[in-house]
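Inspection log for the structure reproduced underneath, given as structure tokens.
All of the numbers you see were taken from the coordinates with simple rules; none came from a lab. The shown structure was predicted, so the numbers you read here are calculated from the model rather than taken from an experiment. Please note: Cβ atoms are built from the backbone with ideal geometry, for glycine as well, and neighbour counts cover all protein chains shown.
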Amino acid sequence: MAVIERRVRYESELDPSFAREVIALSGSPALLSCIQCGTCSSACPLSLYMDYTPRRIMAMVREGFKHEVLRSLTIWLCASCYACTVECPKQIPITDVMYALKRYAIREGVYPPRFPIPVLARLFYETVRRRGRFTESSTVLKLYLRTMPLRILGLIPTGWGLLRRGRFPLRPEGIRDRQGLRRVLQIVERREVAT
């Protein structure tokens, strides 16, 4: 579990635009209607392992604790099970907010080093952007090399078995209209930068 930095924050240290940015990125203006009931935290199967509960993350986002929220493990431990969203009495799409926070942290380059989830998200996007398709074999190899290089040795027997059965392609697959896909992704990227 991550060590939580406990110190008093002054209002001048907070980012008042953070909530607006997260709302724009997630498309969830309902975030501002959170009543801090804690239902999301009690519904979350992983809140026990989080440094901040989902309820607390919602409050911190609204109040502008950008530094703490983006550096927390909570946003990376979210399993996207939607239990919090389903149970929320104010119908706040909390899972969408968590996704937006992940994207924000990746964009800002603020995430735990060697933590596989943000590295996998970046690798997935880069692979799809370049080839138009996601190739598991090369992405898994790159993920392990970037996050857990010594553990890759333990995967050799599994990889060999998959390779023998034709389930582990060595040549990356692609799509025909890569240029069209790149144009679409550029439009999305420009729109995201504008928000």
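No partner Cβ under 4.7 angstrom, meaning no disulfide-compatible partner by this rule: which Cys of the chain qualify?
Singleton cysteines: Cys34, Cys37, Cys44, Cys78, Cys81, Cys88.
Roughly how far apart, in whole Å, are the Cα centres of segment 33-47 and segment 64-81?
Between the Cα centre of segment 33-47 and that of segment 64-81, the gap is 14 Å.
Which GluC sites (Glu not before Pro) in segment 1-86 sit in a loop by DSSP (not H, G, I, E or B) and have at most 11 other Cβ atoms within 10 Å of their own Cβ? Spell out each step's value before the answer.
Details: sites: Glu5, Glu11, Glu13, Glu21, Glu63, Glu68; in loops: Glu5.
Sparse-neighbourhood loop GluC sites (Glu not before Pro): Glu5.
Looking at segment 97-195, which GluC sites (Glu not before Pro) are in a loop (DSSP not H, G, I, E or B) and have at most 13 other Cβ atoms within 10 Å?
Values: sites: Glu108, Glu126, Glu136, Glu173, Glu189, Glu192; in loops: Glu173.
Sparse-neighbourhood loop GluC sites (Glu not before Pro): Glu173.
Let me know the charge dipole size of segment 116-194 about its Cα centre in debye, to the nearest 20, where only the beta-carbon of Lys, Arg (+1) and Asp, Glu (-1) is charged.
220
What is the extension gain from Leu163 to Arg176, computed as 0.36 nm multiplied by their sequence separation minus the C-alpha to C-alpha distance, in nm to one decimal? Working shown, then result.
On the way: separation 13, 0.36 × 13 = 4.68 nm, distance 2.53 nm.
Going from the current span to full extension adds 2.1 nm.
Taking the Cα centre of the chain as origin, sum charge times position over the Cβ atoms of Lys and Arg (+1) and Asp and Glu (-1), and report the length of that vector in debye to the nearest 20. All intermediate terms of the calculation are to be shown ahead of the outcome.
Details: 32 positive and 17 negative charges, 218 e Å.
That gives the chain a dipole magnitude of about 1040 debye.
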